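The values are calculated or read from the model by the stated rules, or taken from the named source; none is laboratory data. Because the structure is a prediction, the values reported are computed rather than measured. A quick note on method: Cβ atoms are made from the backbone with ideal geometry, for glycine too, and the neighbour counts reach across all protein chains shown.
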Amino acid sequence: MTGANAKFFGSKSFGSQSQVAAVLTVPTLDKVTVDLMVVLGTTTMPIHQVLRLSRGAIIELDATEADEVKVLANNLPVASGVVLVDRNRIAVEVKQMLPRTPGTR
């Protein structure tokens, strides 16, 4: 790693070995945005039911609270995980990264 784009921080010594962490700054990636979605479950319903949906409607999904959720990046599956709830905060703990399919980048 050479050049002005390499930044080093922290140095810890473990016995006779020294570990140095490096962070590469890649300005072109700073401007890339990715849409992340977490899919809790899915369902299918006739259009007349969709048109009648209103505030307070309950939509039953094909999943239980114990099922893993799917994490999508730009509508492509990238991971699966579990939902965590802490007071009024909801998060997803990634349990498995999904393999990339050929042809997707």
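When the residues of the stretch 49-98 are filtered to those that are within 14 Å of the chain's Cα centre (by Cα) and in a loop (DSSP other than H, G, I, E, B), the one that is farthest from V38 (Cα to Cα) is L98. When the stretch 35-48 is filtered for residues that are outside any strand (DSSP E or B) and of a type in the set (A, V, I, L, M, F, W, C), the ones remaining, listed by number, are L40, M45, I47. Considering the conditions (1) modelled with pLDDT of 95 or more; (2) assigned to a strand (DSSP E or B), V23 is excluded by exactly one of them, (1).
Might you check whether a residue that is within 30 Å of L98 (Cβ to Cβ), at pLDDT 90 or above and not basic (K, R) occurs anywhere in the stretch 46-55?
Filtering the stretch 46-55 down to residues within 30 Å of L98 (Cβ to Cβ) leaves 50.
Now drop any that are not at pLDDT 90 or above, which leaves 50.
Within this subset, residues satisfying the condition of being not basic (K, R) are 50.
Yes, the conditions are met somewhere in the stretch 46-55.
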